[in-house]
Structure formats: C-alpha cells, structure tokens
Number of protein chains: 2
Amino acid sequence: MEEGMNMYPTHAEYRFTIVYRGELAPGYPESYLESNNLFMSEHTGTHLDAPAHFVPGAWRLDEIPLGHLTGPGVVVDVRDKIGNNSDYAITQQDLQDWERQYGRIPDDSILLLRTGWGEWFWEQGPQAFLGTDTEDVNLVHFPGLHPEGAQWLVDNRNVRMVGLDTMSPDTGEASAKAPLVHRILLPNNVLILENVAHLDKMPPTGSTVYAMPIKIGQGSGAPARVFAIVDGRTSTAGLSTPNWAAMLSTLLILAVM
Amino acid sequence: MEEGMNMYPTHAEYRFTIVYRGELAPGYPESYLESNNLFMSEHTGTHLDAPAHFVPGAWRLDEIPLGHLTGPGVVVDVRDKIGNNSDYAITQQDLQDWERQYGRIPDDSILLLRTGWGEWFWEQGPQAFLGTDTEDVNLVHFPGLHPEGAQWLVDNRNVRMVGLDTMSPDTGEASAKAPLVHRILLPNNVLILENVAHLDKMPPTGSTVYAMPIKIGQGSGAPARVFAIVDGRTSTAGLSTPNWAAMLSTLLILAVM
C-alpha cells in the first residue's frame, strides 16, 4: 500500500504520514525510531468486501467466520478471451470452459479470475488500470464478471469467495451504474476480493488460498494479506494429501499489488 | 479493531468513520451501501513490529519475506509465575523450564508468551491492561520479557518472531524508559507481535502460526491477522506429517483481541 496507488474514484485516497523517523537522541543510533500513521478507506489496495458492504443486516467484516477466509484456490485465466476489451464481462460459458479442462470448481473454493489488468496496477497514473485519468466514475473501464456468470455460480456452485486482479468483480462500466455482481454475490455470503496480485504465479488448481483481512469492527470490508500454499504434488483435482514441508517451501504471496 | 481500544499512550487513537450506511435511493433496499474510513497508527490492535521500527536500514514491513511470517507455534504459559505482578519480566530460566517439559524451541518458530494480561484487553478503560487510566507512560505497567531472556533467545535459539498478549515484549515499566527487548530482538530480524489474542485456545506445541500484516509500503509495522493451524495428531515436537482436512477443521483464530 502506497500513496498514489489506484483507488476507485469514490473512495478516499490512502495517506501515509511519518510520525517519527530518526534518532530520538541525536547522535545515538540506539535511540532510532520509525513510526507512521495511516488514513484509508476500508476498500484500499488488496481488500475484502464483506456482505454488509451492500446488504443490510448481513455479515460485517468482523462477523465473517475464519473458515470462510480460506479454501481451495481456483484460478481462471481469461486473458485470451478478454484481449484488450476493457468492457469484457466473464460469462458462465468462460467458467464452464475452464471446468471442461480442469474439472468442476470444488465446493468452498476461492475463485480467482485473472484478467491481466493487474499487471497495470502500478503503472504511472490510473489510465491503464481504470481506463481514465479523471475522477469521473462514468469514464471508468475495466473487465469483470458478467451478472449471469455470477448468478450461475451462486445457483450451481458453492464458492466462498470471488477475487480478481481488477478493482471490482463488476466491470468498470457496471460499477458506476448497477453493480449487479456485488448484489448477486454478497447476499449469498460469497465474499469479494479486489486487486489481487501475482496471479501469474498461481496454478489453476492445487493450492489453498488464505485471504486474511485485518479485523475491523463493524467493517464493510478491510485490507487483507492474501497468500496461497501450493502443493506441487497435488493432482489437478486438489484432493491428495499434501506434504507439509513442501507446502511451506512453496509458499507464495498474492496480496498487495 | 474498535474505537476506544487500548493503545500505547504515545500512539494515535484509532478512528472509525462511517462514510455511508443506508440506502442510496431511499425506499430501495437494493441500493443499500456501507462504507467506512479508518485512521490509525501502524501500531494498533494485534500488530507486527518490523525491524525498521527501531533499527535504521533494517527491514521495513514491506521488505519482510513472506516465509518469515509463519512458523511452528510455541506457546509458553507464564501465568503462574507472573501472578498479579505487573512488572514481571520473563527470564531465560522460564523459557528453559518450558523446554524441559516440551523440548527445545524449534528453529524458525513463532514464540508466543502468555501472560494472562490479554484477558483484560477489552475491560472498560485501560487500568487493567495498561496499569493506568492516564496517558502518562511512566505509570504504564504490564509484564513482558526480560532483556536477558531476549538475549538468550537471540544467542541460543533461532525464532522468527516473539509475540505476546500484552502491548509490548518490554514490560510496561521498561517501555517508557529503555525498551531493550525491542532493541535486542529487532536488529536480529526477530519480529515482534503485540496484543495477540486467544492464546488460551493454543496448545504449547503442534501448531503452525501465520501472522499476516497488511503490506504497508515503508511501514514500521502493521496491523495483522494472526491465525494458527493446529494438528491434534502432531507430536509435541511438531514434526509428523499432518492431515490436511483435520488441519482445516481445527483452524483457530488468534488475532485481534
């Protein structure tokens, strides 16, 4: 998380303030101190949306059971289908195409959609990642999930979380008008993970993902550290018993662009 | 994390601000939105201290390798020795007493010290947890680690992190004057984890702890989600191969009092 990083225009800009950085007693290196303050929207950087973000009375961030924050990782690479179409919405068909190759999306999994947009998160200025240098939400464009794809997931599969390497599971275009994907997933307690990084390092299956937000009381969401344990010896179905030492040695970081 | 929670007096108070909570279009429940802003010190709630907090040029938060954030959990319950002595400093002898019972503290482990003070984190007012209702750091009292215990750890054992259920590994008394434990651990890249919760749910050995801070660029520390995977079938030495399904079913939350 750094000042100037991409934010959805309606959220506050992240601020990092140095409180102290230096020797408390000049000339005494053993008195050195660094300390900083943070100001942020809950919806900053790699972060989780809790159901209460869009649903009255639903789980707030601190009410989400811990077990709901981890599950088998499923990574759907849709870069070829999206190309450079910043309004592309990932369909039920795209998800079913993935299943034909890798098998049914497992129960309780964390579904990660790789659009390729994440590669531009740290580009100078928001043009590449958000489609505009302005603060006008009507000019925001990036790919996302199609509402029908989201509805198919909710009706036919049992995932705990949908994450992607963009600012939202709704396309940029939909985000400003009708964020239907949020309104389909969240009432079903399917959590949303935004701005996930390093999906290029993830296998399509055979990982366990941990998306761990800081526990903000009453939160509508929170910044999260996201990582995966990848077992090279696990079958694509992800069902074999992994080796503990091998898992730790292949620990991968996903979080925080 | 909640407004009013205990903070070390020199750090800023945590602030949670509601940006929006309600229907964007009154009368339309499908337009419901919750969103909040946060202001905090990096050293708030359950959080990690990076070496740069006290050591010029050492790892800042975003420079800590991911693998350094996880390891075998070692929980040393020192409540009987501490009693109600809020100036008690845990000694090398206390750590060695633990080793006589449970075996040598494993390499790369995360050492968690249970003082019992954590049970008072949410008491009304800071008197029970910090020893004073004032903002005067000279009146702060809570138990911690003795500098000689810290030096013994650094010289003779190879731990990745020292955590405890108090505000600091230095006693409250030492924190205001000479926080030597910080200045022994951090230059050796032994990370510090403060305000760890739910240590009562942890076994002395046989767990793997994950202490996952949000990735604050240039951070001297950061709030973290901390959890453990406990394998009931692992020997006290923590060396047997655990069962994956059993591990997930016994996932425990530690973080965030």
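The values are calculated or read from the model by the stated rules, or taken from the named source; none is laboratory data. Here the structure is a predicted model, which is why all the values come from computation and not from measurement. All Cβ positions, even for glycine, are placed from backbone atoms using ideal geometry, and neighbour counts span all protein chains on display.
Looking only at region A:14-56, count every residue that is hydrophobic (A, V, I, L, M, F, W, C) and under 16 Å from B:SER220 (Cα atoms) and tell me the total. Don't jump to the end; show me each part of the working.
Going residue by residue through region A:14-56, those that are hydrophobic (A, V, I, L, M, F, W, C) are A:16, A:18-19, A:24-25, A:33, A:38-40, A:48, A:50, A:52, A:54-55.
When the remaining residues are screened for being under 16 Å from B:SER220 (Cα atoms), the result is A:16, A:18-19, A:24, A:33, A:38-39.
Of the residues in that region, 7 qualify.
Could you grab me the full set of residues in region A:54-69 that are more than 7 Å from chain B (Cβ to nearest Cβ) and surrounded by 21 or more Cβ atoms within 10 Å (Cβ to Cβ)? Lay out the reasoning, then the answer.
Taking region A:54-69 and keeping what is more than 7 Å from chain B (Cβ to nearest Cβ), we get A:57-65, A:68-69.
The answer is A:LEU61, A:ILE64, A:LEU69.
Can B:VAL75 be described as more than 9 Å from every other protein chain (Cβ to nearest Cβ) and either assigned to a loop (DSSP other than H, G, I, E, B) or not polar (S, T, N, Q) (or both)? Please lay out each step first, then the result.
On the way: more than 9 Å from every other protein chain (Cβ to nearest Cβ): yes; either assigned to a loop (DSSP other than H, G, I, E, B) or not polar (S, T, N, Q) (or both): yes.
Against the criterion (more than 9 Å from every other protein chain (Cβ to nearest Cβ) and either assigned to a loop (DSSP other than H, G, I, E, B) or not polar (S, T, N, Q) (or both)), B:VAL75 qualifies.
Starting from region A:49-77, keep only residues that are modelled with pLDDT of 95 or more, then list their pairs with residues that are part of a loop (DSSP other than H, G, I, E, B) and of a type in the set (D, E, K, R) whose Cβ atoms are within a distance under 6 Å, requiring at least 6 positions of separation or different chains.
A:ALA50/A:ARG60; A:ALA52/A:ARG60; A:ASP62/A:LYS215; A:HIS68/A:ARG160; A:GLY71/A:ASP108; A:GLY71/A:ARG160
Against the conditions (1) more than 14 Å from chain A (Cβ to nearest Cβ); (2) of a type outside the set (Asp, Glu); (3) crowded, with 23+ Cβ neighbours inside 10 Å, where does B:PRO51 fall short? Just the number, please.
Every listed condition holds for B:PRO51 apart from (1).
Among residues belonging to region A:197-223 that are in a loop (DSSP other than H, G, I, E, B) and closer than 16 Å to A:SER109 by Cα, point out the one that is nearest to the other protein chains (Cβ to nearest Cβ). Talk me through it step by step, then tell me what you get.
We begin by selecting, within region A:197-223, every residue in a loop (DSSP other than H, G, I, E, B); these are A:197-198, A:202-206, A:214-220.
Subsequent filtering for residues that are closer than 16 Å to A:SER109 by Cα retains A:202-206.
Working: A:MET202: 14, A:PRO203: 17, A:PRO204: 19, A:THR205: 15, A:GLY206: 12 Å.
This residue is A:GLY206.
Does region B:106-126 hold any residues that are over 18 Å from the mean Cα position of the chain (by Cα), modelled with pLDDT of 95 or more and either surrounded by 18 or more Cβ atoms within 10 Å (Cβ to Cβ) or within 26 Å of A:GLY217 (Cβ to Cβ) (or both), and which are they?
Within region B:106-126, just B:PRO106 meets the criteria.
Pull up region B:1-23, narrow it to residues that are touching a helix residue (DSSP H, G or I) at 6+ places or on another chain (Cβ under 8 Å) and facing chain A (nearest Cβ under 9 Å), then point me to the one that is farthest from A:VAL19 (Cα to Cα).
The qualifying residue farthest from A:VAL19 (Cα to Cα) is B:GLU23.
Which of (1) among the basic types (Lys, Arg); (2) more than 26 Å from B:TRP122 (Cα to Cα); (3) touching a strand residue (DSSP E or B) at 6+ places or on another chain (Cβ under 7 Å) is the odd one out, the single condition B:ARG60 does not satisfy?
All conditions pass for B:ARG60, except number (3).
Is it the case that region B:60-71 has a residue that's assigned to a loop (DSSP other than H, G, I, E, B) and over 22 Å from A:ARG21 (Cα atoms)? Spell out the reasoning first.
Here is the first cut: in region B:60-71, the ones assigned to a loop (DSSP other than H, G, I, E, B) are B:60, B:64-65.
Those still in the list that are over 22 Å from A:ARG21 (Cα atoms) too: B:65.
Scanning region B:60-71 turns up at least one residue that is assigned to a loop (DSSP other than H, G, I, E, B) and over 22 Å from A:ARG21 (Cα atoms).
Would you tally the residues in region A:24-48 being at the interface with chain B (Cβ under 8 Å from one of its Cβ atoms), touching a strand residue (DSSP E or B) at 6+ places or on another chain (Cβ under 7 Å) and surrounded by fewer than 17 Cβ atoms within 10 Å (Cβ to Cβ)?
1
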